[in-house]
Each structure stands twice: as C-alpha cells, then as structure tokens.
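Novice: Got a structure here, written out as structure tokens. Questions coming.
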Amino acid sequence: MFACDTEDLDAIRDGVRSLCSHYDTAYWRDIDERKAFPEEFVEALTEAGWLAAMIPEEYGGSGLGLAEASVILEEVNRCGGNAGTVHGQMYNMFTLLRHGSEAQKRRFLPKIAAGELRLQSMGVTEPTTGTDTTKIKTTAVRQGDKYVINGQKVWISRIQHSDLMILLARTTPLDQVQRKSEGMSIFMIDLHAAIGDGLTVQPIANMVNHETNELFFDNLEIPADSLIGEEGKGFRYILDGLNAERTLIAAECIGDGRWFIEKASDYAHNREVFGRPIGQNQGVQFPIAQAHIEVEAADLMRWRACDEYDKGLSAGASANMAKYLAAEASWKAANVCLQTHGGFGFASEYDVERKFRETRLYQVAPISTNLILSYVAEHLLELPRSF
Ligand SMILES: Cc1cc2nc3c(=O)[nH]c(=O)nc-3n(C[C@H](O)[C@H](O)[C@H](O)COP(=O)(O)OP(=O)(O)OC[C@H]3O[C@@H](n4cnc5c(N)ncnc54)[C@H](O)[C@@H]3O)c2cc1C
C-alpha cells in the first residue's frame, strides 16, 4: 500500500489548500500579468513551515519525507497556483542535506527552516553545452583559502529572490580526468556577496512568469569552505538529488492535471451551445475522460517513486517514469481544457492560458522528455548508450 492513503497526507492537503485559498487564481493572474514574484504567497508558505518540510527536526524543520513534500507542491498547483516559484528550495536542500558538512548544515539549515535564508537557486545549465552537463565550461580554481570562478550559466531561476545558490563548476579540466563525470564540484554561493562583485545577473524574458536569468562569472572569489562535499564529486551529488526532484515535479504536474480536468469539466457542464451543455457531446467529454485517466495513472507511478525513495531504495526508474507520465498527462489535460473552453480558453481571465504555459515547461525543464526516454532505454532496457 502506498503512502497516499495516510491521514497525515490528507491533513497536509487540507493545510496547504487552506493557505492557498488566500491566494486565488486572480492573485496568480495579476502576478503573471505584471511578471512579478508572488512574494506574499512565498512568505506565507515559508512562515507556515511548508517549505521546511524535508529539513530534519534537529535543524528546525519537520523531518517529513518525499511523499509529504510532494503533496505540498501538488496542492499549490491543484489550487491554480504555480509551485515553480518555490520548488527549488525543496530539492536544492537534498544536496546540502546529503553532502554538506555538519558545519554547513548547522550554518544554513536552521536559518532556511526559520525562513531567514532562501535556498531557491541551482546553477547547472550553460548556454553552449545545454543538456550535455559534463562539458560545462564554468571553472572554479583553488587559490589559497578561496576559489575563483569564471564562466557563464543560463536559465538559472529565482536568483533575485534567493539568498543562496548551489553552483556546479569544473574544478579539474576535462582533459585531466579519467571519466567525464569526474572533476566537477558544487559550491554554496552567497548571492548577496557575489552579485555586483564578480557575478552579473541578466534576466531572461520568457514565456512563463519564471524569474530566470543568465549569469556571468568574472573572477568571482568565494571562500574555500563554500565547497560542498569532496572536490571533483559534484556531478554525482547533483545526480543524487535528481530522483527526488523528478518526483516532486511529477507531483506538480499531477496537481496541474487535476486543476485542468476540473476546470474543463465545469465549463463543459455549464456552457450551452446548440441548446445543450457542450459536455453532453461525446466529442467533448471523451477527451476530458481520457485526460483524467492519464493523470490518475501517472499519479500511481508518482506514489511508487515516493514510496521507494522514502524507504531509502533507489527510485531512479520510478522517478523518471513518474516525471515522464505526469508531464505528458498534465500537458494533455492542458490542451483538452483549452479546447473545451473554445475561444474563452485564450482569455486571460479564465486562467487556462496561464496554466497551459506553466505546465508546458515540464516537458523541457528540469529535464527534457527525450532525456528521460534515453534513461529508460539505456538503464532499464539496456539498449546501447546514445550519447
Ligand atoms: C523557465 C526555465 C527555468 C529553468 N531553470 C533552471 C535552473 O534553475 N537551473 C538550471 O541549471 N537550469 C534551468 N533550466 C534549464 C533547463 O534545465 C534546460 O533548458 C533543459 O535541461 C534543456 O537544456 P537546453 O535548453 O540547453 O536544451 P538542449 O540541451 O540544447 O536540447 C534541446 C532539445 O534537444 C533535445 N536533445 C538534446 N540532446 C539530445 C539527445 N542526445 N537525444 C535526444 N534529444 C536530445 C532536448 O531534449 C531538447 O528538447 C531552466 C529552463 C527553463 C526554460
């Protein structure tokens, strides 16, 4: 039996829903139209402790598992909001929790749990290397008691609303390592100290209201104790956190999918054309029913991933498949919802076009659908490696 049946999860759902009721779709629409950041919502979620769900109790958090964390993000999207504004904190913490030193955990985690510090950003993607992460060109060179960072990152989200960022940089040149996945390291960057003093941030205008940026590192100096874990093992540390990240994104997509299906069903029920509700036509109701089936099926895989992860098992296969199924299902539900609304689907006041844009992102980021297919082909089906 998966964890989804427990009363604790229902209590979390109720709590998050209650908080989200103060931030309705009009709130999110206004934020989207102004390309603003939902500061009040993020504050409220932090203050209520939801963003500290996975921080162990000894560091001031709730010590909950992935199942509980996934419900929090699912409900934000299920209520019409956008968990993409806060999800970074949930999954960036894994890296610190699993690979940070005791001193780093004591320094950062209690403040993150108390809402005094935000760890919302992770800098991995680069403009010239994209998905081929082991080729990143950003370097961190040790000089005495500091590292000096040079290079460029792209699509790095929530920088302007975060205090800290986890950065992946190459510490040993590619031609000096035996395996291309070696020689990269991760660092905790104090954004307030870095911006304007070696780090330049250039916002990217984009299709969703996702505060995302291009970063330029020009001899940024950081203290040597910013290194997380061992030098050279950063790529493995990043991969380590991905199963949790994929499962959380799957849950967000499930939340989106349910929002779209409810919205489509309501509209199909109430909109009358040719003297009857449009939902009476099988041509309208079948696609909604199909989308519902696919969201519910994806949800089963999400729970399998949560269950495995929380039992300490390798959730790689389930997490990847959950992300794939959920992103496909939410996108299909989005399309059906828009079609059901006809012309009104394009009107901002119905919120469908905003959510349609938001859920589309999850086919591309944080990992594109093709890369998941490639993982399944290579690791589960043992087909030849394609790259
Ligand atoms: C709004 C937004 C927010 C983001 N936030 C962050 C963030 O906070 N931090 C961060 O580090 N990154 C972030 N990203 C980056 C995101 O993770 C990347 O865009 C994504 O991983 C794809 O990389 P790319 O854009 O370079 O595409 P590319 O690697 O150039 O790929 C382009 C297309 O080709 C396909 N492709 C490439 N190689 C193969 C192959 N071998 N086989 C089959 N298909 C292939 C891909 O699937 C993709 O569809 C964000 C992106 C967006 C759009």
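Novice: Looking at residue 18, is it open to solvent by 10 Å² or more (accessible area, probe 1.4 Å), within 26 Å of residue 312 (Cα to Cα) and not assigned by TED's automatic domain parsing to the domain that holds residue 361?
Specialist: The answer is no for residue 18.
Novice: Also, quick follow-up: I need a count of the residues in the stretch 279-329 that are under 14 Å from residue 246 (Cα atoms) and of a type in the set (A, V, I, L, M).
Specialist: 11
Novice: Let me ask something else about it. In the stretch 128-161, what count of residues is obtained for those that are within 16 Å of the ligand (Cβ to nearest atom) and farther than 24 Å from residue 88 by Cα?
Specialist: 0
Novice: Just one of (1) over 24 Å from the mean Cα position of the chain (by Cα); (2) open to solvent by 10 Å² or more (accessible area, probe 1.4 Å) trips up residue 242, so point out which.
Specialist: That leaves (1) as the condition not met.
Novice: If the requirement is being in a helix (DSSP H, G or I) and among the polar types (S, T, N, Q), which of these qualifies: 330, 314? Spell out the reasoning first.
Specialist: On the way: 314 fails: in a helix (DSSP H, G or I).
After ruling out the rest, the residue left standing is 330.
Novice: Considering (1) more than 10 Å from the ligand (Cβ to nearest atom); (2) of a type in the set (Gly, Ala, Ser); (3) at pLDDT below 95, say which one residue 347 fails and leave the rest.
Specialist: (3)
Novice: Exactly one condition in (1) open to solvent by less than 60 Å² (accessible area, probe 1.4 Å); (2) under 21 Å from residue 381 (Cα atoms) is not met by residue 341; state its number.
Specialist: Going through (1) open to solvent by less than 60 Å² (accessible area, probe 1.4 Å); (2) under 21 Å from residue 381 (Cα atoms) one by one, residue 341 breaks only (2).
Novice: Out of the stretch 218-237, which residues are over 13 Å from residue 170 (Cα atoms), open to solvent by less than 90 Å² (accessible area, probe 1.4 Å) and in contact with a Ser or Thr (Cβ under 9 Å, 6 or more places away or on another chain)?
Specialist: If the condition is that a residue be over 13 Å from residue 170 (Cα atoms), open to solvent by less than 90 Å² (accessible area, probe 1.4 Å) and in contact with a Ser or Thr (Cβ under 9 Å, 6 or more places away or on another chain), then 228, 229, 237 are the ones that fit.
Novice: May I ask you to list pairs of residues, at least six apart or on different chains, whose Cβ atoms are under 6 Å apart, with the first in the stretch 339-364 being of a type in the set (A, V, I, L, M, F, W, C) and the second being more than 15 Å from the ligand (Cβ to nearest atom) and open to solvent by 50 Å² or more (accessible area, probe 1.4 Å)?
Specialist: 344/350
Novice: If you don't mind, another one. How about the stretch 347-387: which of its residues are open to solvent by less than 40 Å² (accessible area, probe 1.4 Å) and assigned to a loop (DSSP other than H, G, I, E, B)?
Specialist: 347, 351, 365, 367, 368, listed by residue number.
The values are calculated or read from the model by the stated rules, or taken from the named source; none is laboratory data. Computed from a predicted model, the values in this text were never measured in an experiment. Counting neighbours? That spans all protein chains shown, and the Cβs are built from the backbone with ideal geometry, glycine included. Ligands, DNA and RNA are stripped out before the accessible areas are found, and what is left, the full protein with its side chains, is counted by its heavy atoms. Shrake-Rupley method; radii C 1.70, N 1.55, O 1.52, S 1.80 Å.
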